[in-house]
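The values are calculated or read from the model by the stated rules, or taken from the named source; none is laboratory data. As the structure is a computational prediction, the values presented were derived from the model and not from experiment. Ideal geometry is used to build each Cβ from the backbone, glycine not excepted, and the neighbour counts take in all protein chains shown.
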């Protein structure tokens with residue numbers, strides 16, 4: 001059971017999804033309270049959520065880029081083999 005939980009939470013797709021959800025909700029809250037935040041000049045929780053989510057998405061981004069490059073590489077090889085090229 002623990003291994004399944006680790007596999008699920010370690011998934012780049014899950015981590016990116018969570019990061020994007022945090023980013024959207026944090027930005028929504030930040031834009032909704034922009035005037036008040038600028039007047040008070042005090043950091044609030046939604047500012048931390050935005051920063052956390054940006055780093056979460058950046059942390060996972062290299063894995064997504066590698067996956068896309070791998071898929072493109074396989075697709076290129078399939079195209080060449082289908083045309084009889086080497």
Residue satisfying all of: in region 20-70; part of a loop (DSSP other than H, G, I, E, B) and in contact with a helix residue (DSSP H, G or I) (Cβ under 9 Å, 6 or more places away or on another chain); surrounded by the fewest Cβ atoms within 10 Å (Cβ to Cβ) among these:
43
Just one of (1) modelled with pLDDT under 85; (2) surrounded by 11 or more Cβ atoms within 10 Å (Cβ to Cβ) trips up residue 73, so point out which.
(2)
Among the residues of region 38-48, are any at pLDDT 85 or above and on the phi < 0 side of the Ramachandran plot?
yes
Within the set of pairs 6+ apart or on separate chains, which have a first residue in region 5-18 that is within 13 Å of residue 53 (Cα to Cα), a second that is at pLDDT below 90 and surrounded by fewer than 13 Cβ atoms within 10 Å (Cβ to Cβ), and C-beta atoms under 6 Å apart?
none
